[in-house]
Amino acid sequence: MATLTINDKQYDIDKLAPEAKAKLDSARFCEQKIEQLEAELAVVRTAKTVYLQALPALLSDEALVANSVGVDAGAEKQSANADSLNAGTTTKH
């Protein structure tokens, strides 16, 4: 016998009303979707880390901003790190 426990009460799933079974099925679907999305997110985070680890080897001195420290206040600056990456956006300092 399959049971469902809600609010410390156990219910026989086979004896639930059709509408209750439908809600339970929907909740199960949602849980499966959450697990799928969490797995996909783990893959994407891993890929991002690998891309960022490979990036320094591909950077050239030609793209380096002069000393990268003490840049003019009006100059645009882009920064990226493994924790926060906003590709394509610039901030003025």
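One table, with the values for the structure above:
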quantity: Scan of region 23-71 for residues that are surrounded by 10 or more Cβ atoms within 10 Å (Cβ to Cβ) and not in a helix (DSSP H, G or I), ordered by number; calculated: Val65, Val71
quantity: Residue in region 76-86 that is of a type in the set (Gly, Ala, Ser), surrounded by 10 or more Cβ atoms within 10 Å (Cβ to Cβ) and modelled with pLDDT of 95 or more present; calculated: no
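The values are calculated or read from the model by the stated rules, or taken from the named source; none is laboratory data. Fair warning: this is a prediction, and the values are worked out from it, not measured in the lab. When we count neighbours, we look across all protein chains shown, and the Cβ atoms used for this are built from the backbone with ideal geometry, even at glycine.
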